[in-house]
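Peer 1: Right, I'll just put the structure down here and ask away after.
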Amino acid sequence: MTDTRQPSPNRPPSSLAELITAAEFNLRWFDVGRRVQPVNSRIAEDFEAGATPWPHPYLRQAWCGLLLWPRGSNSDDGKVESTEPVVWFLRLPLDEQGKLLLPVRDRFLKQVQQALYREQRGDLYTHLQKALDDSGLMFTPPADKRAVFHAKSGRLLKREASDHYPAARAYAKDPASFPWEQLALQGVADLAVRWEEEKSRLIKNLPRFATPALISLCQCLESEAIDHQIAEPIIQRAEQSLARDTPDFNLITATVRGLSHSVATGMRQQFLTRILQSHAGAHGEVLAAIGSRCHVDLQQPELASLWLEKLSESQPQQTFNLLLSDLMFLPQLRSVLLGVLRDPERPESVARAFGTFLQPSHP
């Protein structure tokens, strides 16, 4: 009997998920925009159907990581056998409501259908991969996000950590006994996603991490809901830098990212306020990190007001426009920002920058 769910030359596939299922692969969706986080399969399916907004829009796009592995590859102990999983990174444009642009979806699915049935079916995965390559929708995430994605997906598939993890563990146990220069980013990412297992070592030794190693760890921790015990030594390192005549802005930026998903909300918001009241509050990368990673904190009007003031005073109009456009796209934040931007008592720099932002020439 013919499987009516199978895509055919006469019936375009209704979704990417349908195609992947037809190719006998399992599928798990991730968001890799602001941070690396899994997306519920039902939400992803509704998004593909054009019914639901993407839950984590960033720069008006859905930055998707798709993890595929062959169906039937699970062994009796629940582990995935040696067949390597496949990873696709797709950047999908969104409409004004944060939903998938249906013409883009339809064009992409048509490309895929043509690739699948140009000749004999053959290797479905090969045809799918070619269609993806030709679609113009694929992208390459930054190295830290790729490392975190592989660390998280490895855990999901019940696989061992990478070969670089033992070195990262050794460094976390005693930073003085292992050269930080020999740490691989993938090992640091494996350490970050296992922060709860390594918690006692990290609490004790984070103050002794070399700055480059701490920066890498913080970049990976932005996808983790670390608690106050891990957040505290990270904040202390950043505040030590802030107290110097020449702060390390790379460290401050990484610290903002590393704390951005922490459950220690009050501690983080107090720290962000201190940053914005310091010289670091006029630094472009620091302000961008707060805007792109700490959007939940900017729902606090006082913090949003301070951030907008520093942004409008110190950064070019183009930067103001880019960051504000991204945040105004988030429904939960839009009303808060508009309240601050329209406040009669707002600083002149904010009023001027917002007025320019509203000009018709602004996209």
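Nothing in this text is a laboratory measurement; each read-out follows from the coordinates by a stated rule. Not measured: the values here are computed from a predicted model. Positions of Cβ are generated from backbone atoms using ideal geometry, with glycine treated the same way; all protein chains shown enter the neighbour counts.
Peer 1: Under 8 Å for C-alpha pairs, at least 6 residues apart: give me the relative contact order for the chain, rounded to a whole percent.
Peer 2: Contact order relative to length: 11 percent.
Peer 1: Have a look at A62, A243, A213 and tell me which one the Gaussian network model of the chain (Cα, springs below 10 Å) gives the largest fluctuation.
Peer 2: For the chain, modelled as a Gaussian network with Cα springs under 10 Å, the answer is A243.
Peer 1: In what sequence do V350, V296, V32 fall when counting other Cβ within 10 Å, fewest first?
Peer 2: Ordered by Cβ neighbours within 10 Å, fewest first: V296, V350, V32.
Peer 1: Please report, in debye to the nearest 20, how large the charge dipole of region 113-247 is about its Cα centre when each Lys and Arg carries +1 at its beta carbon and each Asp and Glu carries -1 there.
Peer 2: That gives region 113-247 a dipole magnitude of about 240 debye.
Peer 1: Sum up the lysine pairs in the chain that clear both bars: alpha-carbon distance under 17 Å and a spacing of 8 or more or different chains.
Peer 2: 5
Peer 1: May I pose another question? Taking Cα atoms, how many degrees apart are the long axis of helix 228-242 and the longest axis of the chain, rounded to 10 and kept between 0 and 90?
Peer 2: For 228-242 against the chain, the angle is about 50 degrees.
Peer 1: Give me the angle, in degrees from 0 to 90, between the Cα long axis of helix 348-357 and the longest principal axis of the Cα atoms of the chain, rounded to the nearest 10.
Peer 2: The answer is roughly 20 degrees.
Peer 1: A follow-up question, please. For the chain, what does the convex hull of the Cα positions come to per residue, in cubic angstrom?
Peer 2: 156 Å³
Peer 1: Let's see if you can work this out: charge +1 on each Lys and Arg Cβ, -1 on each Asp and Glu Cβ, no other charges. What is the dipole magnitude of the chain about its Cα centre, in debye to the nearest 20? It would help to have the intermediate numbers written out before the result.
Peer 2: On the way: 41 positive and 43 negative charges, 42 e Å.
Once rounded to the nearest 20, the dipole reads 200 debye.
Peer 1: Continuing with the same structure: Considering the dipole of the chain built from charges on the beta carbon (Lys and Arg +1, Asp and Glu -1) around the Cα centre, which of A254, V296, A167 is farthest to its positive end?
Peer 2: So the residue we want is V296.
Peer 1: Mind telling me which of P179, P55, P233 comes out most flexible in a GNM of the chain, alpha-carbon contacts under 10 Å?
Peer 2: Fluctuation is largest for P179.
Peer 1: So, one more: From the backbone phi of region 275-289, what are the Karplus-calculated ³J(HN,Hα) couplings (6.51 cos²θ - 1.76 cosθ + 1.60, θ = phi - 60°) in whole Hz, Gly and Pro given as x?
Peer 2: With coefficients 6.51, -1.76 and 1.60, one gets 4, 5, 8, 9, 4, 5, x, 10, 8, x, 5, 5, 5, 5, 5 Hz.
Peer 1: Take F139 and E348, extend 7 Å from each Cα along the Cα→Cβ direction, and tell me the distance between the two endpoints in nm.
Peer 2: 3.8 nm
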